[in-house]
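Undergrad: My structure is below; once you've seen it, I'll send some questions.
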Amino acid sequence: KGGVSFLFYLGQVFLNERIKSNSKNSYQKNSSKISRNIICLVHTILTLIFILSYDLLQLRPFINYMSIVSTGYFIFDTYYILKFYQLDTLKFMYLYHHGAIIYSLSQHEITKKCYYMAFLWAEISNIPLYVVYHLIKSDPESKVLTTFKKIQKYTYLFARVPMMSYYTYLMYLEIENRVGFYITLPVYFLGVIWTICLFLIWKLLYSILIIS
């Protein structure tokens with residue numbers, strides 16, 4: 001898992017150098033943030049491939065691949081946050097999220113459908129966010145930015161409220177490790193709170209994305 005973290009780190013460094021060479025000033029200015037965002041998207045795509053391969057094709061090793069790759073990714077992102085960001089309330093929430101997810105990925109119950117489907121929908125909800133963040137950092141005047149913001153809001157709403165609520169409830173019923181369940185439960189509530197904020201104070205949230 002440490003090796004996977006290092007691969008994510010090398011990928012971010014490589015992308016950062018490539019993006020710096022772009023002639024567009026916004027790419028040069030935000031190269032580190034754009035490269036990290038691409039790494040986040042790569043992790044999401046890999047997670048979806050591994051989970052769907054396990055669920056639909058019954059390829060049993062793929063749930064272990066998902067656990068290893070995701071753990072490595074969250075270790076990498078924890079390092080990135082600690083190294084490059086000033087710690088505030090939002091960053092501490094990210095760190096708790098990462099720690100809780102790393103713990104949950106280490107549990108044998110990750111093979112239960114309620115568990116890995118919660119991961120699936122959590123990652124699906126993030127995809128439009130990565131597109132919006134990329135546009136904010138690379139082309140904030142883009143004509144499609146407003147459209148993707150709307151897509152993000154409603155994708156996040158569907159994934160994080162009805163779908164995540166359903167699978168969180170199933171986890172409550174099926175998961176034997178009650179400590180593990182309650183450690184990860186705040187991550188669900190963070191998603192619900194973020195969803196509410198997307199609709200009530202969305203301008204503030206996007207201003208946070210601009211400066212982060």
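The values are calculated or read from the model by the stated rules, or taken from the named source; none is laboratory data. Bear in mind that the values here come from a model prediction, so they are computed numbers and not experimental data. In this analysis, Cβ positions are derived from the backbone assuming ideal geometry, glycine residues included, and neighbour counts consider all displayed protein chains. Calculation scope for accessible area: heavy atoms of the full protein, side chains included, ligands and nucleic acids excluded. Shrake-Rupley method; radii C 1.70, N 1.55, O 1.52, S 1.80 Å.
Undergrad: If you put +1 on each Lys and Arg Cβ and -1 on each Asp and Glu Cβ, how big is the dipole of the stretch 61-141 around its Cα centre, in Debye rounded to 20?
TA: Around 220 debye, computed over the stretch 61-141.
Undergrad: Can you give the FRET efficiency for PHE6 and TYR154, using 1/(1 + (r/R0)^6), R0 = 45 Å, r = Cβ-Cβ distance, to the nearest 0.05?
TA: 0.75
Undergrad: Between helix 113-138 and the chain, what is the angle of the helix's C-alpha long axis to the longest principal axis, kept within 0 to 90° and rounded to the nearest 10?
TA: The answer is roughly 0 degrees.
Undergrad: Residue by residue, what Karplus-based ³J(HN,Hα) values in Hz, rounded to whole numbers, does the stretch 66-79 have, using 6.51, -1.76 and 1.60 with θ = phi - 60° and x for Gly and Pro?
TA: My calculation for the stretch 66-79 gives 4, 4, 5, 5, 5, 4, x, 4, 5, 5, 4, 5, 4, 4 Hz in order.
Undergrad: About the Cα centre of the chain, how large is the charge dipole given +1 on each Lys and Arg Cβ and -1 on each Asp and Glu Cβ? Please answer in debye to the nearest 20.
TA: The dipole of the chain has a size of about 600 debye.
Undergrad: Additional query: Taking all pairs of distinct Cα atoms, average 1/r, flip it, and tell me the Kirkwood hydrodynamic radius of the stretch 1-150 in Å to one decimal place.
TA: Across the stretch 1-150, the inverse of the average 1/r is 16.5 Å.
Undergrad: While we're looking at this one, here's another question. Share of the chain's accessible area from carbon and sulfur, percent, 1.4 Å?
TA: Roughly 68 percent, rounded to a whole number.
Undergrad: Can you check what the Kirkwood hydrodynamic radius comes to for the stretch 69-212, Cα pairs only, in Å to one decimal?
TA: 16.2
Undergrad: What are the radius of gyration and Dmax of the stretch 67-124, computed over its Cα atoms and given in Å?
TA: When restricted to Cα atoms, the stretch 67-124 yields Rg and Dmax of 12.4, 37 Å.
Undergrad: What lysines could a cross-link reach from LYS150, if we take a straight Cα to Cα line under 21 Å and drop same-chain neighbours fewer than 8 places away?
TA: Cα-Cα hits under 21 Å: LYS137, LYS203.
Undergrad: With a point put 7 Å past each Cα toward its Cβ, work out how far LEU57 is from GLU174 in nm, to one decimal.
TA: 2.2
Undergrad: Can you give the calculated 222 nm mean residue ellipticity of the chain, where each DSSP H run of n ≥ 4 adds -39,500 (n - 2.57) and the sum is split over every residue, rounded to the nearest 500 deg cm²/dmol?
TA: Computed mean residue ellipticity for the chain: -28000 deg cm²/dmol.
Undergrad: Figure the gain on full extension for CYS197 and LEU90 (residue separation times 0.36 nm, minus the Cα-Cα span) and round it to one decimal in nm.
TA: 37.2 nm
Undergrad: Hey, what's the chain come to in accessible area per residue, 1.4 Å probe, Å²?
TA: That works out to 53 Å² for each residue.
Undergrad: May I pose another question? Among TYR9, VAL161, PHE148, whose Cα lies farthest out toward the positive end of the dipole of the chain, if unit charges sit on the beta carbon of Lys, Arg (+1) and Asp, Glu (-1)?
TA: PHE148
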